[in-house]
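For reference, the structure discussed in these notes is given below.
The values are calculated or read from the model by the stated rules, or taken from the named source; none is laboratory data. All values reported here derive from a predicted model rather than from experimental measurement. All Cβ positions, even for glycine, are placed from backbone atoms using ideal geometry, and neighbour counts span all protein chains on display.
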Amino acid sequence: MNKNSIIEQLRQLAAARGVSLDDEVLEKVVEMSQFRVYPKGAAVKCMGDRADEFGIVIEGLVRGYYIDGDGNDMTRGFASEGGFFMDEGLTGYEEHLCMWETIEESTVMLIDAAAFKRLVMSSEALKTIWIGLLEAALRYKIYRESSFLTSNAAERYAYLRKNFPQILDRVPLKHIATYLGIAPESLSRIRRAMKDE
């Protein structure tokens, strides 16, 4: 993976949000970053680790999850190519609130959160992206909260299947079940019922 291909991927990520970034800004982002390849099943960050960097998935798939009081893991969310993860440091937390692991072998870009926030404040284009990311994160949080209050598990699964089919093909069903807040057996019943329709 060379610098030019990384800059092009970042340019495409920005373009998907309707913003054009010049090479100088993109080079600064790359310079403040580290690139790592993690094997499948590797822990990228653990709860309690310092939240001084965040990540963008270049290739692969990662999952964030919490451990409840009984030792069960509950999936917070997934990030695939172009997706942000480990975002606690960008939103003012000093420590990571959840575990982050790879679902597949993954190449990730780890970016210094404090340096990135300083760069955002110096670039109108990055501010526009930043606002868009914050709005998207807030929409996601509102959807997640309202779906657990107003939708049943089958409706939540249907939404996931419609909006994120690429995730369903790549994630073990046990993780999808915990993301939906149900047991794997319940997810199997929902999937069977939807196949019958």
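SER186 meets all of the listed conditions (1) among the hydroxyl-bearing types (Ser, Thr, Tyr); (2) under 24 Å from GLY83 (Cβ atoms); (3) in contact with a helix residue (DSSP H, G or I) (Cβ under 7 Å, 6 or more places away or on another chain) but one, namely (2). On the basis of being of a type in the set (Asp, Glu), at pLDDT 90 or above and part of a helix (DSSP H, G or I), does GLU185 make the cut? Yes; evaluated as a whole, the condition is true for this residue.
Which one of MET99, MET86, MET109 is surrounded by 14 or more Cβ atoms within 10 Å (Cβ to Cβ), under 24 Å from HIS175 (Cβ atoms) and at pLDDT below 90?
On the way: MET99 fails: at pLDDT below 90; MET109 fails: at pLDDT below 90.
One residue alone meets the criteria, MET86.
For segment 9-48, filtered to residues that are in a strand (DSSP E or B) and of a type in the set (Gly, Ala, Ser), the residue that is modelled with the highest pLDDT is ALA43.
A single member of VAL37, VAL44 is hydrophobic (A, V, I, L, M, F, W, C), touching a residue at least 24 places away in the same chain (Cβ under 8 Å), buried (at least 16 other Cβ atoms within 10 Å of the Cβ) and closer than 27 Å to ARG76 by Cα, and it is VAL44.
Taking the criterion of being within 23 Å of GLN34 (Cα to Cα), of a type in the set (A, V, I, L, M) and at pLDDT 85 or above, the residues of segment 115-133 that qualify are ALA115, LEU119, VAL120, MET121. Looking only at segment 47-64, residues that are out of contact with any Phe, Trp or Tyr (no Cβ under 8 Å at 6 or more places or on another chain) and either of a type in the set (Gly, Ala, Ser) or surrounded by fewer than 19 Cβ atoms within 10 Å (Cβ to Cβ) (or both) come to 5 in all. Taking residues in segment 153-173 that are over 12 Å from SER80 (Cα atoms) and in contact (Cβ under 8 Å) with a residue 12 or more places away in the chain, and partners anywhere that are of a type in the set (S, T, N, Q) and assigned to a helix (DSSP H, G or I), the pairs with Cβ atoms closer than 9 Å and at least 6 places apart or on different chains are ALA153/SER186; ARG156/SER147; TYR159/SER147; LEU173/SER188.
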